[in-house]
Amino acid sequence: MDVFQYDDILVYRSIYAPVSSNMFVIFSGSEAIVFDPNENEEVLKLFQEKKIQNVHILLTHGHYDHISGVLWLKEHFNAEVYCQEKCADRLANNKRPLSRLVALVLAEQDRKDGGHRYKNFRDSYKPFTITADKTFDKEDLFTIGDLEVNVTSTPGHSEGSACYVINNKLVFTGDTLLEDNAVILRFPGGNTENYQNIALPYLHSLDKNLIVMPGHGDPFVLAESKFV
């Protein structure tokens, strides 16, 4: 587990190995914020050591590699799920398998090098749905402990994508902005027009000194992004 410090904010990161997706965790007193959870026993131990009472699960979008640990967290803690309305619709729809995109990515990797990632993932995956506890439409502002959270809908990579700004210092972008790779818009629910007309103008409006906590890869300063 990695730890990053930005002024008075400590951010813990766990990586979902199959496709290198980031889970980020921030603490504020007895409250924990978890962005895009995966299962990690170190995180579980850390929560127990800090005597965490409430867990706030904030989802940047509904692709499986960014939600795989939601039910696991709910089993262990008093945890609520928060996301954009269209993301919530996707998570609750059992006719839209949440694992499909990860399976496609792993199958493509196997095709290139003869690996067995897809089979291993298929054998371990168990279908599930998620009911969001709270949702928003275009934007929202709220506090958790002493942290101010400003969230904005940023469709493009998926219908329910969103970005979260914390204390005007960090922005958690999920797959809406990565450092070295262009955002993928070809997946089901992706939309180039929405990305260009909604998501990109939002990203351009942000303070360029913000630290970007992306869905994949290491954190970086927004001003250094070649895509904004």
Next item on the list: Before anything else, pin down the relative contact order of the chain: Cα pairs under 8 Å, at least 6 apart, normalised by residue count, whole percent.
Entry: 16 percent
Check: Among HIS66, HIS76, HIS204, what is the fewest-to-most ranking by other Cβ atoms within 10 Å?
Finding: HIS204, HIS76, HIS66
Note to self: Using a 10 Å cut-off around each Cβ, can you sort THR152, THR143 from fewest to most neighbouring Cβ atoms?
What the structure shows: THR143, THR152
Next item on the list: Multiply the residue gap between GLU80 and TYR125 by 0.36 nm, knock off their C-alpha separation, and tell me the result in nm, one decimal place.
Entry: 13.9 nm
Next item on the list: Report, ordered by chain and residue number, the lysines lying within cross-link reach of LYS50, taken as a straight Cα distance under 30 Å and ignoring same-chain residues fewer than 8 apart.
Entry: LYS74, LYS134, LYS169
Next item on the list: Might you list the cysteines of the chain that have no disulfide-compatible partner by the rule of another cysteine's Cβ under 4.7 Å?
Entry: CYS163
Next item on the list: Tabulate in residue order the Karplus-calculated ³J(HN,Hα) for segment 214-228, using 6.51 cos²θ - 1.76 cosθ + 1.60 with θ = phi - 60°, rounded to whole Hz; enter x for Gly and Pro.
Entry: x, x, 9, x, 7, x, 7, 7, 4, 4, 8, 6, 7, 9, 10
Check: Over all Cα pairs of segment 108-228, how is the pair count split among 10 Å bins, expressed in % and running from 0 up to the last occupied bin?
Finding: 12, 35, 32, 17, 3
Item checked: Positive-end residue, segment 2-224 charge dipole about Cα centroid, Cβ charges, pick of SER205, THR143, GLY115 -> GLY115
Margin query: Please check: in the Gaussian network model of the chain (C-alpha springs, under 10 Å), which one of LYS112, LYS134, LYS50 has the largest mean-square fluctuation.
Written below: LYS112
Next item on the list: Quick one: among THR129, THR173, THR154, which has the greatest mean-square fluctuation in a GNM of the chain with alpha-carbon springs under 10 angstrom?
Entry: THR129
Checklist line | Highest-fluctuation residue, ARG186, ARG111, ARG13 considered, GNM on the chain with Cα pairs under 10 Å | finding: ARG111
Next item on the list: Hey, could you grab the Kirkwood Rh for segment 1-114? Inverse mean 1/r over distinct alpha carbon pairs, Å, one decimal.
Entry: 15.1 Å
Check: Given H placed 1.01 Å from N in the peptide plane, which residues other than close sequence neighbours of GLY174 have an amide H under 5 Å from its amide H?
Finding: GLY215
Next item on the list: Rank the residues MET213, MET23, MET1 as a footprinting-exposure proxy: fewest other Cβ atoms within 10 Å of their Cβ go first.
Entry: MET1, MET23, MET213
Check: For a label point 7 angstrom out from the Cα of GLU179 toward its Cβ, which stretches of segment 195-216 have the backbone nitrogen within less than 11 Å?
Finding: 212-214, 216
Item checked: Whole-Hz ³J(HN,Hα) from phi, Karplus 6.51 cos²θ - 1.76 cosθ + 1.60, for segment 181-193, glycine and proline x -> 10, 5, 5, 7, 10, 8, 5, x, x, x, 7, 5, 4
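Every number in this text was worked out from the coordinates using simple rules, so none of it is lab data. Quick caveat, the model's predicted, so the values are computed rather than measured. Cβ atoms come from the backbone with ideal geometry, glycine included; neighbour counts cover every protein chain shown.
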